[in-house]
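The values are calculated or read from the model by the stated rules, or taken from the named source; none is laboratory data. Since we're looking at a predicted model, the values are computed, not measured. Here the Cβ positions follow ideal geometry from the backbone for every residue, glycine too, while neighbour counts run over all protein chains shown. What goes into the accessible areas is simple: the full protein's heavy atoms, side chains included, and nothing from ligands, DNA or RNA. Shrake-Rupley method; radii C 1.70, N 1.55, O 1.52, S 1.80 Å.
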Amino acid sequence: MGKVIAVANQKGGVGKTTTCVNLAASLAATKRKVLLIDLDPQGNATMGSGVDKYSVENTAYELLVEEKSFDDIVYRDTTGKYDLIAGNGDVTAAEIKLMEFFAREIRLRNALAPIKDDYDFIFIDCPPSLNMLTVNAMSAADSVLVPMQCEYYALEGLTALMDTISKLAAMVNPGLSIEGILRTMYDPRNRLSNDVSDQLKQHFGDKVYRTVIPRNVRLAEAPSFGAPAMYYDKSSAGAKAYLALAGEIIRRAEQHSQLEQA
């Protein structure tokens, strides 16, 4: 059965989209079947996947509002070798339109139900705010992956995010859990980074991924070439870090599966 992971943080600029694109590509490179859903109206994950957000005919809007068939909406020819539901400014209209529907917070969950088992992993790139799109992502997801920078304000925001996740779990998705906390833009020479990292491990234990994503120029450059870092510069520290993260996620998923079977 496919695992649906919402990549979310109410704070912007923490590497959500970078994580979605590069993690999807890294898992696809290990022969896993991966789908990325761009629920952010900025459409950065779409552009980073080598798909022009300005010329796409179908986006997450058609999936959520018009209920078009999945095969008519999905883009299978991305630079990262994963499938994509694109996003652009139309997704903003979806948020407004959703307010007219009954059971609006589970539209995405219902749309994914027929195809969930076709994939090993489904990632949802959430907007940096708590709106109806984020609520839909959280209600459809099995778990939430939280990218965050190791700085003081990010730590404050994490507390608010955890509170939001627990409230959403109580209201729309009792099975929702924390997939993991990912330290991004990490600089080991920075004392604050190390202090915040230690606090994270103290409070969240093994929910904090061992893999850290370093500050890396290649990760920042890759989106302008419409490609994940591993296809832009596979020898870069950023590309290697996301491949390591993919391996860690696969191991965790296998361990979880073995525990369930036992």
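Key figures for this structure:
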quantity: Estimated FRET transfer efficiency (Tyr153, Phe225; beta-carbon r; R0 41 Å; 0.05); calculated: 0.85
quantity: Per-residue ³J(HN,Hα) for segment 40-46, Karplus 6.51 cos²θ - 1.76 cosθ + 1.60, θ = phi - 60°, Hz, x for Gly and Pro; calculated: 9, x, 5, x, 5, 5, 5
quantity: Under 5 Å, built H, 5+ apart or other chain: amide partners of Ile178; calculated: Val144
quantity: Loop-exposed chymotrypsin sites (Phe, Trp or Tyr not before Pro) per DSSP, neighbour cap 12 Cβ within 10 angstrom, longest uninterrupted part of the chain; calculated: 103-262
quantity: ³J(HN,Hα), Karplus 6.51/-1.76/1.60, whole Hz, each residue of segment 172-184, x for Gly, Pro; calculated: 10, 8, x, x, 5, 9, 8, 6, x, 10, 10, 7, 10
quantity: Residues whose placed amide H lies under 5 Å from that of Asn88, excluding near-sequence neighbours; calculated: Ala60
quantity: Under the Karplus curve 6.51 cos²θ - 1.76 cosθ + 1.60, θ = phi - 60°, whole-Hz ³J(HN,Hα) for segment 221-235, x wherever Gly or Pro sits; calculated: 7, 3, x, 5, 9, x, 8, x, 4, 5, 9, 8, 7, 5, 8
quantity: Accessible carbon and sulfur surface of the chain relative to its total accessible area, %, 1.4 Å; calculated: 51
quantity: Lysines with Cα under 19 Å of Lys97, excluding same-chain neighbours fewer than 8 positions away; calculated: Lys68
quantity: Gyration tensor (alpha-carbon) shape descriptor, segment 122-244, a/c threshold 1.5; calculated: oblate
quantity: Cα pair count fraction exceeding 22 Å, expressed as % - the chain; calculated: 52
quantity: Gyration tensor verdict on segment 127-175 (Cα atoms; rounded if a/c is under 1.5, prolate if a/b is larger than b/c, oblate otherwise); calculated: prolate
quantity: Three-way shape call for segment 1-81 based on the alpha-carbon gyration tensor, with the a/c threshold at 1.5; calculated: rounded
quantity: Most fluctuating residue given options Gln199, Gln149, Gln42, as computed from a GNM of the chain linking Cα atoms under 10 Å; calculated: Gln199
quantity: Spacing of the two label points (7 Å from each Cα toward its C-beta) at Gln199 and Phe101, in nm; calculated: 3.9
quantity: GluC sites (Glu not before Pro) lying in DSSP loop within segment 94-166, provided at most 14 other Cβ fall within 10 Å; calculated: Glu100
quantity: Å² of accessible area per residue within segment 59-214, as computed with a 1.4 Å probe and no ligands counted; calculated: 46
quantity: Amide H within-cut-off set for Val208, under 5 Å, with H built and near neighbours excluded; calculated: Ile181
quantity: Cα centroid separation, segment 1-60 to segment 143-157 (Å); calculated: 19
quantity: Candidate lysines - alpha carbon under 16 Å from Lys3, same-chain residues fewer than 8 apart omitted; calculated: Lys31, Lys33, Lys116
